[in-house]
Amino acid sequence: MKIDEAREVRTTCPYCGVGCGVLAKVAANGEVTVRGDPEHPANFGRLCSKGSALAETIDLDGRLLYPEIHGRRTDWDEALDLVASTFSRTIAEHGPDAVAFYVSGQLLTEDYYVANKLMKGFIGSANIDTNSRLCMASSVVGHRRAFGSDTVPGSYEDLELADLIVLVGSNLAWCHPVLYQRIAAAREKRPEMKVVLIDPRRTMTADIADMHLAIAADGDVALFTGLLAYLGQHNALDRNYITAHTTGFGQALFAASALDIAGIAAATGLGEDELVRFYSLFAATANSVTVYSQGVNQSSSGTDKVNAIINCHLATGRIGKPGAGPFSVTGQPNAMGGREVGGLANMLAAHMEIENPEHRDRVQRFWSAPTVAEKPGLKAVEMFQAVADGRIKALWIMATNPVDSMPDADAVEAAIKACPFVAVSDVLAKTDTVRHAHVRLPAAAWGEKDGSVTNSERRISRQRAFLATPGEARADWWIVAEVARRMGFGEAFSHALPADVFAEHAALSAFENDGARDFDIGAYAGVDAETYEELAPFQWPAPSPGTPLWPAGHLPLKGGDRMSPSFSPIADVAEKALQRKLPISPLEGEMAGRPEGGVQAGHSSPSTRFFANGNFYTPNGKARFIPIRPVPQTRTNEKFPLVLNTGRVRDHWHTMTRTGKSPRLSQHLAEPFAEIHPADAQHFGIGDADIARVSSAQGEVLLRALVTARQRQGSVFVPMHWTDQFSARARVDALVAPITDPISGQPASKNVAARVERF
Ligand code: SF4
């Protein structure tokens, strides 16, 4: 695209799932400045340290600028031909399940859509999974079990309207800092607002907490089933809501009563008095939001944790109301966008289900595809195990670094090294994964590519290019579409622009969707490039026809003009879609199947949230309680007596391929560390700032000891970011066992049996 360097470009931060809007500008001397977008509804101008340092991380140092085969520079034709011919030959000789894509929450929705379409509809396998599996797969399954759909019911404004916020397994202050800022600001205005933090560590988030429950690893199921039992015992249920809008309450309450208060205290490591204080506070506070993140999801009981939390909100009718609801906060900027287009191995595009024959048929007809995957594919951990044992013979990794970020990282590296064919699309030339690639495909980076992302509150925002693409780098969707064409699927992959991909994605969301599916952006079916370019952030489901897509005057058009309030973009889009004969759904029927205004659609409403009057996406329209019993997840043993917990720090992102470029960001925490409780440090003979060897059954790392009473005794915390490129022997994922939640397939990165010793 043509870059207009004279104006600020509205785009979106590429880091966490808050999805903050940023304004980026390139000065005449080439200097890039980035500031928060005061009009973006996620952040209203705020940025955290990572977002405000974006301009420091976009130099070309280390970039992969040209296609390479076995380290030799080549041209796009030769590289793409080799990828296409190798995949085609492998499929012909061994079947479609002998190939796989491993993709990323760093991809834009358009990239994800094209990759998913190729794998599921044209190759005919569902072997496409994503690093989002490591992030929020348990929430996806938990939502689907309870609601019949993968729906986050609330909006960020609910955090400001709540009287009680329960943060579970979430260091919001460091991992979703702008949401933390929003809560802190709301609390200043309403000091009566209460915050409870449930986390084994006393993280910085505890600074705004009225109560910190230093829970034992994986004690959350016991904690929240206990809460449900308490609500039942103390007349704190919303029986009208339960009767009108849910099923299965009796069984869930029976299962939740398995432990008495002493049993819950034993399972959670909390005192009975702490439990009762938390339970009574929750019972007494109608406006409560439970925010949960990786401490819930990254667990072998992650799905049950999610449903134990949702059960409590259903039992009190605290869902779909201002300031109330269970709220999954995603890790990556586009974890949600990947879910929307079927980026997970067990989903189809537009939130349709791979196990559902009607859904498969619908997607196949919409795509005019020769086939469609008939069964779920391999989830991330299974996928690399299949690479290791030779079932996967051709692998394409896009925009992620699994050699450092997957559990059992050494085994993953060995598998990739031994795989007969590995293609990697990346922006960098030398990540630990790229160096094992037979074919390296240079991808466009943030600031160079165009597309959309969806944040944790279902808000779709544009990422826009403001920099010229360097060397021969190309957008990921383009690279995949070129391979698809070379595999003989040219007609279905003839998109010329990301707008074309988005228009098709929107049309699929509405195709034969009579309100039976939650994800609907059909109003954008057939959107043209100009309208797409101007798209302002909006939450799904997309607004009804005639409803402004954004509050009047909130859309800055090219040249800085403001949109006329009388402009009706929906009508305009629909007209263009019809002219282009794209398969759009009947716009007028967009929400017709939803009785009683079950969804408060319309971005003009400041409180777009789901399930306001029940009306869930289950066959009978009622939410499902899931009966859950706590099952001990103990892994420690005599040899490995500590619980290793991994996570993020404030100023770094994933494997530091971007944030590692900024000296400012590296000042906060300059090296990897192991956070150890003083009693454990004394027991293992480790002093503060000593070098500690942290080991598990999988491997070992060497880290600086940080002895602090903020850590729970019996646990050790290690950040996930540092790789051997930044600090020798610091890849913490080499310690993490490939244990997963049996339902979601999400790895248990928070509860690894480990030991520490002085090096
Ligand atoms: Fe970016 Fe997340 Fe920080 Fe917002 S809170 S600026 S999205 S890293």
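Assorted remarks:
- If R0 is 22 Å, the Cβ-Cβ spacing of GLN682 and ARG277 corresponds to a FRET efficiency of close to 0.10.
- You can think of it this way: the chain between ASP59 and ARG629 has 200.1 nm of extra reach, that is 0.36 nm per residue less the Cα-Cα gap.
- For the peptides 349-356, 451-458, 749-756, the ranking by mean Cβ contacts within 10 Å, running from highest to lowest, is 451-458, 749-756, 349-356.
- Under 29 Å from LYS25, Cα to Cα: lysines that are on another chain or at least 8 residues apart: LYS2, LYS50, LYS430, LYS449, LYS558, LYS661
- Across the stretch 121-161, the volume of the C-alpha convex hull divided among the residues equals 119 Å³ per residue.
- Packing-based order for 10-19, 658-667, using average beta carbon neighbours within 10 Å, highest first: 10-19, 658-667
- FRET efficiency for the ALA670 to THR371 pair, using the beta carbon distance and R₀ = 60 Å, is estimated at 0.70.
- Test item: Cα-centred dipole of the chain, Lys/Arg +1 and Asp/Glu -1 on Cβ, debye: 680 debye
- Antiparallel content of DSSP bridges confined to the chain, in %, to 5: 45 percent
- Percent of beta bridges antiparallel (DSSP, the stretch 137-329, rounded to nearest 5): 5 percent
- Solvent-free Debye scattering, log10 I(q)/I(0), computed from the Cα coordinates of the stretch 62-210 at q = 0.08, 0.12 Å⁻¹: -0.43, -0.76
- The simple Förster model, with R0 at 35 Å and r as the Cβ-Cβ distance, assigns GLU700 and ARG190 a FRET efficiency of 0.15.
- Residues of the stretch 306-325 with amide N under 18 Å of the 7 Å Cα→Cβ point at ASN613: 317-322
- A convex hull fitted around the alpha carbon atoms of the stretch 642-758 yields 104 Å³ per residue.
- Ratio Rg/Rh, restricted to the stretch 137-329 and using Cα atoms, in which Rh is the Kirkwood radius: 0.93
- Bins of 20 Å, starting at 0 and running to the largest distance - Cα pair percent for the chain: 18, 54, 28, 1
- The stretch 187-248, relative contact order [Cα under 8 Å, separation at least 6], %: 22 percent
- Simple spin-label estimate for SER257 and ALA429 gives 6.8 nm between the two label positions (7 Å along the Cα-to-Cβ direction from each Cα).
- Using the Karplus relation 6.51 cos²θ - 1.76 cosθ + 1.60 with θ = phi - 60°, the per-residue 3J(HN,Hα) values for the stretch 740-755 come to 10, 5, x, 9, 8, x, 7, x, 9, 7, 10, 9, 10, 6, 8, 9 Hz, with x marking Gly and Pro.
Where a number appears in this text, it was derived from the coordinates with a stated rule and is not lab data. The structure presented is a predicted model; accordingly, all values stated were derived computationally and were not measured. All Cβ positions, even for glycine, are placed from backbone atoms using ideal geometry, and neighbour counts span all protein chains on display.
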